[in-house]
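> Dropping the structure in here first, questions after.
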Amino acid sequence: MSQLHPNLDIDQANKDLQGKSPEEIVEWALSQAKNPIITTNFRPYESAILHLVASLRPDITVLWVDSGYNTDATYRFANKVINDLNLNVITYIPKQTAAHRDVTLGGIPGVNDELHDKFTEQVKLEPFRRALDELKPDVWFNAIRKDQTEFRQGLDFLSLSKDGVLKVAPLFEKTDSDLDKYLDEHNLPNEFDYFDPTKVEEHRECGLHTQL
């Protein structure tokens, strides 16, 4: 329970959403929202969550924190999805350019480098905090799924951010195979040439869902 959602029993809501379709979860969450957003990094399968939510709320704010380190393929994929789905994208970027940071930190620090946390704070966490502070959402749709990391296996469809924003993961129990079918059904593109310098390895958390 939070100041943004004072009447929400999140444990009961998660129980109530068990067995519901992603569309039903989105519809329920939108009924709770005054200022919803959806976040994306245009990683593989992101077109599924973007299509799902935008189909039900075409004008929803889509927050993209662009670290400046995406691959050319990811940027082309982002351009296509934004255009095809007519998304209302707001982009936030780090306060320092990638070129300046590369000189200052000596490139992208490895995950075991003491500078990696500083790098992650600069390119992802600080821009996200700034975006949430300025956009002031009450509902935050995201694409996390249970099978992605060990940490996420302990989550559920709904959770609360540290600021009380209701985080909603309508695809939480879906697999890659499920999403392949969704992409085929809706003729949506996908892209696998993706690299997140704050995670590097797929099983790692970057801090976005553990700290915000």
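> Could you list, in sequence order, all residues of the range 1-26 that are among the aliphatic types (A, V, I, L, M) and part of a helix (DSSP H, G or I)? Outline the logic, then answer.
Going residue by residue through the range 1-26, those that are among the aliphatic types (A, V, I, L, M) are 1, 4, 8, 10, 13, 17, 25-26.
Correct list: 10, 13, 17, 25, 26.
> Mind telling me which of the residues 36, 94, 109 ends up being surrounded by fewer than 21 Cβ atoms within 10 Å (Cβ to Cβ), more than 25 Å from residue 181 (Cα to Cα) and in contact with a Lys or Arg (Cβ under 9 Å, 6 or more places away or on another chain)? Spell out how you get there, then give the answer.
Details: 36 fails: surrounded by fewer than 21 Cβ atoms within 10 Å (Cβ to Cβ); 94 fails: surrounded by fewer than 21 Cβ atoms within 10 Å (Cβ to Cβ).
Of the residues listed, the single one that is surrounded by fewer than 21 Cβ atoms within 10 Å (Cβ to Cβ), more than 25 Å from residue 181 (Cα to Cα) and in contact with a Lys or Arg (Cβ under 9 Å, 6 or more places away or on another chain) is 109.
> Sort out which residues of the range 89-115 are assigned to a loop (DSSP other than H, G, I, E, B), in contact (Cβ under 8 Å) with a residue 12 or more places away in the chain and more than 16 Å from residue 196 (Cα to Cα), and write them in order of number. Give the steps one after another, and end with the answer.
Let us first name the residues in the range 89-115 that are assigned to a loop (DSSP other than H, G, I, E, B), namely 93-97, 106-115.
Remaining after also requiring in contact (Cβ under 8 Å) with a residue 12 or more places away in the chain: 93-97, 108, 110-111.
Listed by number, the residues that qualify are 95, 96, 97.
> May I ask you to list pairs of residues, at least six apart or on different chains, whose Cβ atoms are under 6 Å apart, with the first in the range 127-145 being in contact (Cβ under 8 Å) with a residue 12 or more places away in the chain and surrounded by 21 or more Cβ atoms within 10 Å (Cβ to Cβ) and the second being among the hydrophobic types (A, V, I, L, M, F, W, C) and part of a helix (DSSP H, G or I)?
139/29; 141/53; 143/49
> Another one. Take residue 29 and tell me if it is touching a residue at least 24 places away in the same chain (Cβ under 8 Å), under 30 Å from residue 76 (Cα atoms) and assigned to a helix (DSSP H, G or I). Quick ask: steps written out before the conclusion?
Numbers: touching a residue at least 24 places away in the same chain (Cβ under 8 Å): yes; under 30 Å from residue 76 (Cα atoms): no; assigned to a helix (DSSP H, G or I): yes.
No: the conditions fail for residue 29.
> Would you check if there is a residue in the range 157-171 being at pLDDT below 95 and more than 23 Å from residue 37 (Cα to Cα)?
Taking every residue of the range 157-171 in turn, none turns out to be at pLDDT below 95 and more than 23 Å from residue 37 (Cα to Cα).
> Any residue at all in the range 106-117 that's modelled with pLDDT of 95 or more and among the aliphatic types (A, V, I, L, M)? Steps first, answer last, please.
The first filter runs over the range 106-117 and keeps only residues modelled with pLDDT of 95 or more, leaving none.
No, the range 106-117 has no match at all.
> Right, another one. Sort through 49, 37 and tell me the only one that's closer than 27 Å to residue 8 by Cβ, in a strand (DSSP E or B), under 15 Å from the mean Cα position of the chain (by Cα) and in contact (Cβ under 8 Å) with a residue 24 or more places away in the chain. Don't jump to the end; show me each part of the working.
Numbers: 49 fails: in a strand (DSSP E or B).
Checking each option against the conditions leaves just 37.
> Which residue, of 118, 146, is among the basic types (Lys, Arg) and part of a loop (DSSP other than H, G, I, E, B)? I'd like the intermediate steps shown before the answer.
Numbers: 118 fails: part of a loop (DSSP other than H, G, I, E, B).
Result of the check over 118, 146: 146.
> Please work out which one of (1) within 14 Å of the chain's Cα centre (by Cα); (2) surrounded by fewer than 20 Cβ atoms within 10 Å (Cβ to Cβ) is the condition residue 86 fails and give its number.
(1)
The values are calculated or read from the model by the stated rules, or taken from the named source; none is laboratory data. All of these numbers come straight from a predicted model, not from anything done at the bench. Note: ideal-geometry Cβ built from the backbone for every residue, glycine included; neighbour counts use all protein chains shown.
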